[in-house]
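To start, the structure under review is shown below, and the notes come after it.
The values are calculated or read from the model by the stated rules, or taken from the named source; none is laboratory data. These numbers come from a predicted model, not from an experiment. Neighbour counts are summed over all protein chains in view; Cβ atoms, including those assigned to glycine, are modelled from backbone coordinates with ideal geometry.
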Amino acid sequence: MAAASAKHDVFQAIADPTRRKLLKLLSNQELPVTVISENFPISRTAVSKHLHVLADAGLVKERKVGRETRYRLEPEPLLELKDWLQFFELFWENKMAALKLFVESDTVDGSTPEHPLEIVEQKKTK
């Protein structure tokens, strides 16, 4: 199913902590719903519903093996999430740089600034 026509988008699918745990569980191996259910304090039916949301978003694939259905992670749709988050890395990197400067330096007059960004501003004016 194409991501554009999916019933659930990637962001909706990963919004639930149970579904995020399911993705982690399926990251290394293909598993049947019976084995997957043993890892959660919810019913097999509830696990199946979560798996269907993930499948609708293209994050897991189902495969019939005899009478059981096995699920495996399909990581490609997560690229949409990665691309979206990548935009915000700039903000995180700036905050981490400011914190690093805050931890490693004192102000010009030897006092400690109240906020890490004060250090960044002081460095810019030098």
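Some observations on this one:
- Matching helices (runs of 4 or more DSSP H) fully within region 3-98 where at least 1 residues are surrounded by 14 or more Cβ atoms within 10 Å (Cβ to Cβ), more than 16 Å from the chain's Cα centre (by Cα) and in contact (Cβ under 8 Å) with a residue 40 or more places away in the chain: 44-56
- Residue check for Asp56: in contact with a helix residue (DSSP H, G or I) (Cβ under 8 Å, 6 or more places away or on another chain), under 20 Å from Leu85 (Cα atoms) and among the acidic types (Asp, Glu): no
- Residue satisfying condition, being on the phi > 0 side of the Ramachandran plot and modelled with pLDDT of 75 or more, within set Gly58, Gly110: Gly58
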